[in-house]
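Bear in mind that the values in this text are calculations on the coordinates, not laboratory data. The structure presented is a predicted model; accordingly, all values stated were derived computationally and were not measured. So basically every Cβ, Gly included, is an ideal-geometry build from the backbone, and we count neighbours across all protein chains shown.
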Amino acid sequence: MNSPQRITAMCQLLGLNSNLPTDICFSFTGFRARGGETDKHADGWGIAFFEEGGVRVLHDPQPACSSRLAALVADHPLHATTIIAHIRKATIGAIRLENTHPFSRELWGRQWVFAHNGTLLDFSPALEGRFRPAGTTDSELAFCWLMEGLLRRFGDTPPERLALFEWLQGAAVALTRFGVINFLLSDGDLLFAHSSTRLSHVTRQAPFGDVHLVDADLGVDLGRSLDPATRTVIVATVPLTDNENWVAMPAGSLWCFQAGELVAMAPTRAGKVPLATDDCV
């Protein structure tokens, strides 16, 4: 069995965005192995599936590699157009259920889901609205700060995609000043991916071929299981397969995917973004 390339003692992220409902069983099989078997991210895991206007979120503070719930997810094809998963290596916050990612909150009549890889130091914003952390992680605090900032900036009317992307771009710049903030954020339609230090993505579309996992001796012929019209993007901290053309997402960049396609990308390094960040604080 191969082992994934080691990075740091932080969490790992997995995201999917597709134009048609699809399952993540194959990719999640390799991903969950990193939760204590092929890597050391054994402090809990979680996954969120956006389905038919709602979201199904599962959490478990047990290691993903040995979790019976994770085994069920790997074997049971839950179809969704957007999926966010996370395996945790605890840095801030105890190993408890309330500290497992992804986190979810309602805004503008839609559920939003967030997962974070990294550590934010000396990050203690004064939250004044309805978004408050249930746990004790810097990650959930950052998510609540983002949600409060979005509501403060746009009020009760959801913004157009470009305005939303530009605001998140400025917010990512502001958060980066406190440390590492690789994250995935979605409302079920758009999938935002911020590479603070490291993320990669791959697009799967016809003609499909065989793919093989890095973390398990397992391969699959995608052409036998996917609708030929399916177009899916997979985002991961470290590539999950060893025979696909994964694209490294530069450190300091924000990406937006919709219906399995890249629709926006911009830098997020402080000093390189003209957008003022005052509205993000």
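Quick notes on this one:
- Residue-span extension gain [Thr136 to Ile95] - 0.36 nm each, minus C-alpha spacing: 13.7 nm
- On Cα atoms only, tilt of 138-154 relative to the major axis of the chain in degrees: 60 degrees
- Net charge over other residues, Cβ less than 9 angstrom from the Cβ of Arg34 (K, R count +1; D, E count -1): -1
- Contact order for the chain, expressed relative to its length and based on alpha carbon pairs under 8 Å spaced 6+ residues apart, stands at 22 percent.
- Cβ-based exposure ranking for Glu37, Glu148, in which fewest neighbours within 10 Å come first: Glu37, Glu148
- Relative exposure of Arg152, Arg204, Arg32, judged by other C-beta atoms within 10 Å (fewest first): Arg152, Arg204, Arg32
- GNM remark for the chain: springs join alpha carbons under 10 Å apart, and the peak mean-square fluctuation among Leu150, Leu191, Leu121 falls on Leu121.
- Calculated FRET efficiency for the pair Arg224/Asn245, C-beta based, R₀ 22 Å, to 0.05: 0.60
- Each other residue within a Cβ distance under 10 Å of Pro21 adds +1 if Lys or Arg and -1 if Asp or Glu, for a net charge of -4.
- Rounded if a/c under 1.5, otherwise prolate or oblate - the stretch 180-227, Cα gyration tensor axes: oblate
- A simple count of charges around Ile95, restricted to other residues whose Cβ falls under 12 Å of its Cβ and scoring Lys, Arg +1 and Asp, Glu -1, yields 0.
- Label-to-label distance, nm, for residues given as Ser124 and Ala71 (7 Å Cα→Cβ offset): 4.4 nm
- Relative contact order (percent, whole number), the stretch 162-281, Cα cutoff 8 Å, 6+ residue spacing: 33 percent
- Summarising the label geometry, the points placed 7 Å from Cα in the beta-carbon direction at Leu151 and Trp108 lie 1.5 nm from one another.
- The length gained on full extension between His79 and Arg269, counted as 0.36 nm times the residue separation minus their Cα-Cα distance, comes to 64.8 nm.
- Ordered by the number of other Cβ atoms lying within 10 Å of each residue's own Cβ, fewest first, Cys25, Cys256 fall into the sequence Cys25, Cys256.
- The chain shape via C-alpha gyration tensor axes, a/c threshold 1.5: prolate
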